[in-house]
Amino acid sequence: MRRAAPLLALLLLAAPALAQERPSDEDLFGAPPATPAPTQPKVPPPPSATPQTTPQTTPQTTPPAPGGDARADELLGGRSRPAEGRWDQAKEDPLQVGGLLYLRTTASWYRATPPSAWPLSSPNLLDVYLDARPNDRVRAFALGRLFYTPTGAGAAPLGPFSAPPPPESRAVLDQAYLNFDVAHAVFVTAGKQHVKWGTGRFWNPTDYLHPVRRDPLAPYDDRSGVTMVKAHLPWERRGWNLYGVALLEDLAGGSTAAAPAAGSSRVGTLGRVGLGGRAEVVLGPVELAADAVAQRGHRPRFGVDGSLPVGDVDLHFEVALRNGVDAPRYQAIPGAPADGQVWQRYGLAPPRGVEPAVVLGGEWSFKYSDEDSLTVGAEYAWDRAGYDSARIYPLLLVAPYLPGAPDQRAAFTPFGLARQYAGAYLLLPKPGRWNDTTFTLSALGSLTDGSAVVRLDHAVLLDTYLTLETYLAGHLGRQGGEFRFGGTFPPQRYGPGPGDVTPLLPIAPPVLDVGVALRVSL
């Protein structure tokens, strides 16, 4: 706790970009000037008969930027996918084609490393979508995504594991779904899609339908969708919603329980279809939701989340209950030396039983002029399944390379390793006369190991359509912690065999990250 106290003080003074699904350009980068481009046609608003939805699953889409591509803003830059039943009535043009080009370059300064050896990465991204709305009850949507990293992923100085990867080009299908209604009462979305559960900004433990965690500092969510059939039954008069899902992909992205029944580890069998549901209710100013999902080969998991105002502060919470974990983990062998350098691997159903995770957060907005405001928020996360010591990190770094390594997700993955985290952010959109500029100050830290990352993001809209983004991120706190991982780590034993020992790891700790990006809707 003595190490955590100064870190908590730092987090309260500093603050980050909102880590919600597909944050809008206006939220992160500010809106363009109020005068729209005269040549851009206007898009009619959605009909008023739209079913009501609560913010936890399908938040209201931010209005498109003046002069921009309304459909691109809705699908690529908005808070989430459009809600079921929001149909574009412009039938004279039922098919729209668009996309996004996102060019990025990042560099990292590592201590005791010459500048010529600092890792450089250029993770560029191209999205192209087809959006067909032949009438107000049917919609077909597909989005393909191309990743291209000409420099490779960037070779951090990680001792024997610092060989630079080759240039990478990878194409994925991000979304491909049909959306329609049944008797104007039940809205069905079938195919590959994004469905977010929970209210967390940085940490989102009940986001069960995404097997991959989102990077909480990333301004753009580049995770792929998941194939499922979702049915949405709204109760418009009360503002309540019921959802049911049939999941056609593995709930954990590929890992399965130990020794499953014959054939049950395959996703492509009827017995492996996952089932889940979510109920959202509004009780005055309070919004509450409960959800559950189960799939053969994985233990059932449950979640509760909600939000409520307390004075001028908007509070949110999230509680996840999981009977097990999705990937094998390591723990100290009972009776090991006091330095804890001997570890053993356990499976997906640890003897501790239920593994709860809790997220608590709040947000406060202050209007400092007639047209300007700033937003401050903070969040705390606790996960019983997280590691309670940084001593395990060197082993996790090399885990994917060890003989018999069980799963890539057992490796060192920041923002989800430790037991306790805290984060804070300060968002300053369009300050004063800078109506096309946004500043975001971010701080995320591990209360478990005393390390933190503080990041300042700046974005400005150029020529109405082009956005320039820059950021600086500093690594602070305890060396060897999650966000300042470095040092000379002695060998660690991970098994009973004479060769079950990790190599000596001399790793340079990070100091500063720099990034620049250009983004334009196509």
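The values are calculated or read from the model by the stated rules, or taken from the named source; none is laboratory data. Just so we're clear, the structure is a prediction, and the values are computed from it rather than from any experiment. Positions of Cβ are generated from backbone atoms using ideal geometry, with glycine treated the same way; all protein chains shown enter the neighbour counts. Accessible surface areas use protein heavy atoms only, side chains included; no ligands, DNA or RNA. Shrake-Rupley method; radii C 1.70, N 1.55, O 1.52, S 1.80 Å.
Of Arg455, Arg384, all but one fail to be basic (Lys, Arg), more than 18 Å from Tyr220 (Cβ to Cβ) and either open to solvent by 50 Å² or more (accessible area, probe 1.4 Å) or in contact with a strand residue (DSSP E or B) (Cβ under 7 Å, 6 or more places away or on another chain) (or both); the exception is Arg384. Scanning segment 447-485 for residues that are on the phi > 0 side of the Ramachandran plot and touching a residue at least 24 places away in the same chain (Cβ under 8 Å) yields Gly450, Thr464, Gly477, Gly480. Candidates in segment 268-286 are the residues that are crowded, with 19+ Cβ neighbours inside 10 Å and more than 15 Å from Lys196 (Cβ to Cβ); of these, the one that is modelled with the lowest pLDDT is Arg272.
Somewhere in segment 418-426, is a residue modelled with pLDDT under 95 and either on the phi < 0 side of the Ramachandran plot or open to solvent by less than 50 Å² (accessible area, probe 1.4 Å) (or both)? For segment 418-426, residues modelled with pLDDT under 95 and either on the phi < 0 side of the Ramachandran plot or open to solvent by less than 50 Å² (accessible area, probe 1.4 Å) (or both): present. Considering segment 387-406, the residues that are open to solvent by 40 Å² or more (accessible area, probe 1.4 Å) and either modelled with pLDDT of 85 or more or touching a Gly at 6+ places or on another chain (Cβ under 7 Å) (or both) include one that is nearest to His298 (Cα to Cα), namely Asp388. The single condition among (1) over 27 Å from Ser369 (Cβ atoms); (2) modelled with pLDDT of 90 or more; (3) of a type in the set (Lys, Arg); (4) open to solvent by 40 Å² or more (accessible area, probe 1.4 Å) that Arg519 does not meet is (4). Here Ser80, Ser108 are screened, and the one residue that is touching a Pro at 6+ places or on another chain (Cβ under 6 Å) and either modelled with pLDDT of 95 or more or open to solvent by less than 10 Å² (accessible area, probe 1.4 Å) (or both) is Ser80.
For segment 441-477, a residue qualifies if it is part of a loop (DSSP other than H, G, I, E, B) and either under 18 Å from the mean Cα position of the chain (by Cα) or of a type in the set (A, V, I, L, M) (or both), and exactly one does: Leu447. Within segment 132-145, residues that are closer than 17 Å to Lys192 by Cα reach partners that are outside any strand (DSSP E or B) with beta carbons closer than 6 Å, at six or more positions or on different chains, in the pairs Ala132/Pro94.
Yes or no: segment 483-504 includes at least one residue that is within 30 Å of Ser365 (Cβ to Cβ) and either modelled with pLDDT under 90 or of a type in the set (A, V, I, L, M, F, W, C) (or both). Yes, the conditions are met somewhere in segment 483-504.
Return the residue satisfying two criteria in turn: it lies in segment 176-187 and is without any contact (Cβ under 8 Å) to a residue 60 or more places away in the chain, open to solvent by less than 80 Å² (accessible area, probe 1.4 Å) and part of a strand (DSSP E or B), and of such residues it is farthest from Glu236 (Cα to Cα). Ranking the candidates gives Ala176 first. For Pro429, indicate whether it is of a type outside the set (D, E, K, R), farther than 23 Å from Pro216 by Cβ and either open to solvent by less than 30 Å² (accessible area, probe 1.4 Å) or in contact (Cβ under 8 Å) with a residue 40 or more places away in the chain (or both). Answer is no for this residue. Just one of the numbered conditions (1) outside any loop (DSSP other than H, G, I, E, B); (2) at pLDDT below 95; (3) open to solvent by 20 Å² or more (accessible area, probe 1.4 Å) is not true of Ala338: (1).
With the requirement that a residue be small (Gly, Ala, Ser) and part of a loop (DSSP other than H, G, I, E, B), what does segment 188-204 give you? Those that are small (Gly, Ala, Ser) and part of a loop (DSSP other than H, G, I, E, B): Gly198, Gly200. Taking residues in segment 366-389 that are within 14 Å of Tyr425 (Cβ to Cβ), and partners anywhere that are open to solvent by less than 70 Å² (accessible area, probe 1.4 Å) and modelled with pLDDT under 90, the pairs with Cβ atoms closer than 8 Å and at least 6 places apart or on different chains are Val376/Ala15; Gly377/Ala15; Gly377/Leu18; Ala378/Leu11; Ala378/Ala15. Arg237 meets each of the listed conditions (1) open to solvent by 30 Å² or more (accessible area, probe 1.4 Å); (2) outside any strand (DSSP E or B); (3) in contact (Cβ under 8 Å) with a residue 40 or more places away in the chain apart from (3).
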